[in-house]
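Enquirer: Let me begin by handing over the structure; questions about it come next.
We did not get these values from a lab; they are worked out from the coordinates using the rules stated. Bear in mind that the values here come from a model prediction, so they are computed numbers and not experimental data. So basically every Cβ, Gly included, is an ideal-geometry build from the backbone, and we count neighbours across all protein chains shown.
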Amino acid sequence: MKVTIKAASTAAFLIVAGLLIHNLNALYLEPYTLGFEDKAVDYANMEKIANAQWSFSFTSSGIAHMVVGFSMMILGLGLYDLFRERRPAAARLVLLSACLSGLGFLLTGISDIPGTVVAGMLREHNPEHGTGILLMTTMIRSVVNILAVIALGWFAGQVAWCTLKTGLFPKWFGWYGWLNVLPGIASLAFPPIGFAYIQLFPVWMVALGLFLRRQAG
């Protein structure tokens with residue numbers, strides 16, 4: 001069990017690295033090098049999307065999404081092992097939410113990298129449908145990314161609940177976890193608000209990685 005928990009700690013730090021890449025892209029590279037200033041408007045502009053494909057920002061984001069996707073599943077498994085003796089039902093929900101979030105991030109990354117390759121091939125052979133293909137791939141990416149953010153908020157809430165019920169992590173960490181639920185809820189009403197998770201989660205995830213490493217001994 002300790003091996004799994006230690007692996008989960010490493011996964012948490014990999015997620016932090018991915019979140020830092022997302023912050024760099026969202027706060028600096030995309031606004032200042034690609035012209036994405038208003039996410040609610042610019043991500044719907046297919047001309048900007050086409051120009052941004054294979055940029056460092058979009059490519060690094062895709063790789064980070066895939067790393068975060070796999071890491072979320074490992075993190076969920078480690079937390080399941082940690083909580084299952086004290087809160088077995090809640091531990092299963094932690095694992096489920098982590099896997100759903102991981103799947104969303106993984107599919108986002110697949111859309112970003114191999115999906116872009118496929119879309120490029122389709123546009124090359126069907127130039128009359130170029131904009132439609134971009135709209136289709138953007139829609140698919142947006143939906144799976146929303147799944148990732150909503151499930152990530154659920155994951156944070158489940159870990160917060162387990163934290164406050166078991167006392168394995170500090171109480172402040174549990175209350176901070178409840179704060180991280182908000183971007184996922186907001187995504188249900190207006191998806192662009194969900195991007196707030198990239199600012200809220202890094203500190204919480206660093207703490208989770210440290211606490212898991214301590215639990216692993």
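Enquirer: To the nearest 0.05, what FRET efficiency results for residue 27 and residue 84 with a Förster distance of 45 Å applied to their C-beta separation? Let's see the in-between values first.
Expert: On the way: r = 38 Å, r/R0 = 0.84.
The formula returns an efficiency of 0.75 here.
Enquirer: Would you calculate the separation in nanometres between label points at residue 196 and residue 131, each defined as 7 Å from the Cα along the Cα-to-beta-carbon direction?
Expert: Here the modelled spin labels are 3.4 nm apart.
Enquirer: Further, regarding this structure: Which residue, 82, 206, 101, has the largest displacement toward the positive end of the dipole of the chain when charges sit on each Cβ (Lys, Arg +1; Asp, Glu -1)?
Expert: 82
Enquirer: Taking the Cα centre of the chain as origin, sum charge times position over the Cβ atoms of Lys and Arg (+1) and Asp and Glu (-1), and report the length of that vector in debye to the nearest 20. Walk me through the numbers on the way to the answer.
Expert: Working: 14 positive and 10 negative charges, 259 e Å.
I would put it at about 1240 debye.
Enquirer: Right, something else. Residues of segment 169-213 with the amide nitrogen closer than 20 Å to a label point 7 Å from the Cα of residue 37, along Cα-to-Cβ, please.
Expert: The answer is 192-193, whose backbone nitrogens lie closer than 20 Å to the label point.
Enquirer: Provide the gained length on full extension for the span residue 54 to residue 172, in nm with one decimal, where the gain is 0.36 nm per separating residue minus the Cα-Cα distance.
Expert: Numbers: separation 118, 0.36 × 118 = 42.48 nm, distance 4.06 nm.
Value of the extension gain: 38.4 nm.
Enquirer: Between residue 165 and residue 3, take the C-beta separation as r, use R0 = 41 Å, and let me know the FRET efficiency to the nearest 0.05.
Expert: 0.95
Enquirer: 5 Å is the cut-off here: which amide hydrogens, built 1.01 Å from N in the peptide plane, fall below it relative to residue 54, excluding neighbours closer than 5 in sequence?
Expert: Distant-sequence amide H within range of residue 54: 59.
Enquirer: Would you mind calculating the relative contact order of the chain from Cα pairs under 8 angstrom and at least 6 residues apart, reporting the percent as a whole number? Provide the component values of the computation, followed by the final result.
Expert: On the way: 311 pairs, mean separation 58.7, N = 217.
Relative contact order comes out at 27 percent.
Enquirer: Under 10 Å, Cα contacts only: if you run a Gaussian network model on the chain, which one of 33, 138, 59 comes out with the highest mean-square fluctuation?
Expert: Answer for the Gaussian network model of the chain: 33.
Enquirer: Filter the cross-link list 6/171; 6/48; 6/165 down to pairs whose alpha-carbon distance in this structure exceeds 32 Å.
Expert: Flagged as over cut-off: 6/48.
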